[in-house]
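The values are calculated or read from the model by the stated rules, or taken from the named source; none is laboratory data. Quick caveat, the model's predicted, so the values are computed rather than measured. Here the Cβ positions follow ideal geometry from the backbone for every residue, glycine too, while neighbour counts run over all protein chains shown. Ligands, DNA and RNA are stripped out before the accessible areas are found, and what is left, the full protein with its side chains, is counted by its heavy atoms. Shrake-Rupley method; radii C 1.70, N 1.55, O 1.52, S 1.80 Å.
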Amino acid sequence: MKKLIFKTCKSRHASHRFRFPSGVPIEKICNIKKTESSFDHFQYTRSIFDFGDEDIKYQLPKTIVATHYTLCLKPNLDYLIFEGCVAIQCIMPNETRTVTMNVGGILLGKIVWADEATGIRQEAAEFNSNPAEQRMTIVFSPRLTAGHGVLIINFKGRIQESHMDGLYASSYHNEFEEINHNALTKFSHAEARQCFPCFDEPGLKATFAISFVVPRTVTIICNTVSLNLIHSS
């Protein structure tokens, strides 16, 4: 039996919650399809492991404050790839045209800002990545107004085999001497960005709600309480 082991490594505290329509799953909000294998229309952001072990010291700009992450992951343990969506509830202290956050080694798709006050969903005009610092800057036009909203990002990536960061794989032999894979996570101290776009600094606290789209043969192990389990065809 395959296993997906997910550990929430960061203690975070939310000061505001954006409410999605009742009963609507995040995979529908983020348009995650039940079957998807193509990596078209996703832009690749290289991992810091392609650039050596330089100790790059920096902090993200304080133009936006993340309070809660709603994360959905759909791993494929046969091909060691995954896709997902993250909806980040945020407070925008002042109007801004750009949002800078951490990302490394994953493919980025559609990026949308949903304004809570107006209900308007605004797609990003572009984003520019800085692979050496594992950062990307999202550009919006027109500018985003101050207030509360949700930053929604679709992404895809590969489950790592060469290093234990982000979402990575381990293998074992079953009773038939076949090789099976487990998927595990390591998000501390700054490796969450290898799995999903985020504000990945120890001082930037927020809460998490995590869901998985997996076959029934996959066992999920988390260090928190499971709230719901939905079976579908």
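When N154, N128 are screened for being closer than 16 Å to Q194 by Cα and either modelled with pLDDT of 95 or more or surrounded by fewer than 19 Cβ atoms within 10 Å (Cβ to Cβ) (or both), only N154 passes. Only residues that are part of a strand (DSSP E or B) and either surrounded by 20 or more Cβ atoms within 10 Å (Cβ to Cβ) or β-branched (V, I, T) (or both) were counted in segment 93-112, giving 10. Exactly one residue out of I159, I179, I88, I120 is touching a His at 6+ places or on another chain (Cβ under 9 Å) and open to solvent by 40 Å² or more (accessible area, probe 1.4 Å): that is I179. Can you tell me which residues in segment 128-166 are out of contact with any Gly (no Cβ under 6 Å at 6 or more places or on another chain) and not in a strand (DSSP E or B)? Within segment 128-166, P131, A132, E133, T145, A146, I159, E161, S162, H163, M164, D165 qualify. The sole residue among P197, P202 that is open to solvent by less than 40 Å² (accessible area, probe 1.4 Å) and under 21 Å from N102 (Cα atoms) is P197. Among what's in segment 132-147 and is polar (S, T, N, Q) and open to solvent by 50 Å² or more (accessible area, probe 1.4 Å), pick the residue that is nearest to I88 (Cα to Cα). Restricting to residues being polar (S, T, N, Q) and open to solvent by 50 Å² or more (accessible area, probe 1.4 Å), the top hit is T145.
Looking at segment 183-194, is at least one residue under 17 Å from I88 (Cα atoms), in contact with a Pro (Cβ under 7 Å, 6 or more places away or on another chain) and buried (at least 20 other Cβ atoms within 10 Å of the Cβ)? No, because not a single residue in segment 183-194 is under 17 Å from I88 (Cα atoms), in contact with a Pro (Cβ under 7 Å, 6 or more places away or on another chain) and buried (at least 20 other Cβ atoms within 10 Å of the Cβ). Would you check if there is a residue in segment 169-180 being touching a helix residue (DSSP H, G or I) at 6+ places or on another chain (Cβ under 8 Å) and farther than 13 Å from L77 by Cβ? No.
Of all the residues in segment 177-213, those that are at pLDDT 85 or above, within 17 Å of V86 (Cα to Cα), assigned to a loop (DSSP other than H, G, I, E, B) and of a type outside the set (D, E) number 8. Contact map, segment 85-111: residues that are farther than 14 Å from N154 by Cα and free of Cβ contacts under 8 Å to residues at least 60 places away in the same chain paired with residues that are part of a loop (DSSP other than H, G, I, E, B) and open to solvent by 20 Å² or more (accessible area, probe 1.4 Å), Cβ distance under 6 Å, separation 6+ or inter-chain. Pairs shown: M92/A146; N94/A146; E95/T145; E95/A146; T96/T63; T100/P61. When the residues of segment 163-176 are filtered to those that are small (G, A, S) and within 14 Å of I81 (Cα to Cα), the one that is least open to solvent (accessible area, probe 1.4 Å) is G166.
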